[in-house]
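The values are calculated or read from the model by the stated rules, or taken from the named source; none is laboratory data. Predicted model only: the values in this text are computed from it and were never measured. Here Cβ is always computed from backbone atoms with ideal geometry, including for glycine, and neighbour counts include all displayed protein chains. Protein only, heavy atoms only, side chains kept; ligands, DNA and RNA dropped before computing areas. Shrake-Rupley method; radii C 1.70, N 1.55, O 1.52, S 1.80 Å.
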Amino acid sequence: MSKKSRPPKDSEVIMTEIVLPNDTNTLHNLRGGKILHWMDIASAISAGKHTQAVVVTAAVDNVSFKNPVKLGDVVTIRA
């Protein structure tokens, strides 16, 4: 039984989070692990919708942070 193909747009996930005190380090910047956690959730939901199967993150090659995300900022993740 083959699964019906679908365009990636049908699997799009947009997730919005606000940076709360528990998400930050002592400089009031979002912790890198927290944003990676949010990215992993959004990508897992999108991949699961696209494949209609259980998915896991096998590897992450590279993540670079160019600017800090501050306490109170709103973060939007699109997968």
statement: Scanning the range 56-76 residue by residue, those farther than 18 Å from Ile14 by Cβ and among the aliphatic types (A, V, I, L, M) turn out to be Val56, Ala58, Ala59, Val60, Val63, Leu71
statement: Exactly one of Ile14, Ile18 is open to solvent by 90 Å² or more (accessible area, probe 1.4 Å), touching a strand residue (DSSP E or B) at 6+ places or on another chain (Cβ under 8 Å) and under 17 Å from Arg78 (Cβ atoms), and that one is Ile14
message: Considering only residues that are among the charged types (D, E, K, R) and in a loop (DSSP other than H, G, I, E, B), which ones fall in the range 52-74?
response: Asp61, Lys66, Asp73
message: Can you tell me which of (1) touching a helix residue (DSSP H, G or I) at 6+ places or on another chain (Cβ under 6 Å); (2) outside any helix (DSSP H, G or I); (3) open to solvent by 70 Å² or more (accessible area, probe 1.4 Å) is the one Lys49 doesn't meet?
response: (2)
statement: Counted residues in the range 39-79 being among the aromatic types (Phe, Trp, Tyr) and touching an Asp or Glu at 6+ places or on another chain (Cβ under 6 Å) come to 0
message: Checking Ile41 against (1) in a loop (DSSP other than H, G, I, E, B); (2) hydrophobic (A, V, I, L, M, F, W, C); (3) in contact (Cβ under 8 Å) with a residue 24 or more places away in the chain; (4) surrounded by 13 or more Cβ atoms within 10 Å (Cβ to Cβ): exactly one of these is not met. Which one?
response: (1)
message: Where the second residue is of a type in the set (A, V, I, L, M) and open to solvent by less than 60 Å² (accessible area, probe 1.4 Å) and the first is farther than 11 Å from Pro68 by Cα and in a strand (DSSP E or B) and lies in the range 11-28, which pairs have Cβ atoms under 6 Å and are six or more apart or on separate chains?
response: Met15/Ala42; Met15/Ile77; Glu17/Val75
